[in-house]
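Below you'll find the structure, written out as structure tokens, and then a few comments.
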Amino acid sequence: MNRESSVPVHVQLKTQIRHLIMTGALKPGSQVPTVRQLAGFLRINPNTAAKALAELQQEGYLESRPGRGTFVADRPPTGEGKMARGIERLVDETLERARRLGYSAEEFLATAATRAPVAGARKAKRTRALVIECNWPEVSRFREELEAELPLAVDRMLVEDLTERARRDPSFVREMVGYGVVITTFFHIHEVKAALAFESVPVVALLTEANISTLLRLSELPEGTTVGLVCGTPKGTQNLLRSVQSAGLTHLKTVL
């Protein structure tokens, strides 16, 4: 969760939950975490979590069942339908603008057809990015997903390596200017910023779907289940423990 982003926190949370629904990670009819669980696990204000869930209900992605909780709607809006409606609206608006400028629909369509191959042939330049996390499996997963979804060329680094190299070699920090963005999670955002100690390269924190998915899986475990919390650093492990405790998952036994 990037609390310094211009995007409101509740919008970031909505985007993550909606993505889980659209990708099938949260299936129709499945229960979503409570406001208390979301707020505790993600360390956000309960009102923020409540606002995100309420807006997702208004948009048709979630539904409230009195006495039972909040669930994914049986027929949530599809991304394809939403995209199609957006494209139709864009085409209608553009055709109307062309008509006002004195062009016929045929002239507009002919011009659009000649422009389409040119636009499609353009490839977005990939921005260099550095992903920093506390363990290799997570940092590798982040790289794979970010490169698949965004025009990024992603390098990897562990938090402990960053702090150690920054401490031993100040010139290492200056080399970071070659990156367009440094990406970490909300667990490590302050640690990473402190190690870099400059603002010429933006440092952003991710709220990834794995966090919410993990919360879902933990909340579904039977009473008394023993859960091991493991991270690449002791601090990371303590962060995980605090998140579990803050979410009110008292039915679990945690082992560090």
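The values are calculated or read from the model by the stated rules, or taken from the named source; none is laboratory data. A quick note: this is a predicted structure, and the numbers were derived from the prediction, not measured. With ideal geometry, Cβ positions are generated from the backbone for all residues, glycine too; neighbour counts draw on all protein chains shown.
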Restricting attention to region 32-77, which residues are part of a loop (DSSP other than H, G, I, E, B) and buried (at least 20 other Cβ atoms within 10 Å of the Cβ)?
-> V32, P33, I44, Y61
Can you tell me which of K27, K82 is over 30 Å from I189 (Cα atoms) and modelled with pLDDT under 85?
-> K82
Criterion (of a type outside the set (A, V, I, L, M, F, W, C) and not in a helix (DSSP H, G or I)) met by exactly one of R156, R167, R141, R174 | R156
F142 is checked against (1) more than 19 Å from the chain's Cα centre (by Cα); (2) modelled with pLDDT of 80 or more; (3) not hydroxyl-bearing (S, T, Y) and fails just one. What number does that condition carry?
-> (1)
Matching residues, region 213-236, being at pLDDT below 75 and under 21 Å from the mean Cα position of the chain (by Cα) | S213, T214, L216, R217, C231, G236
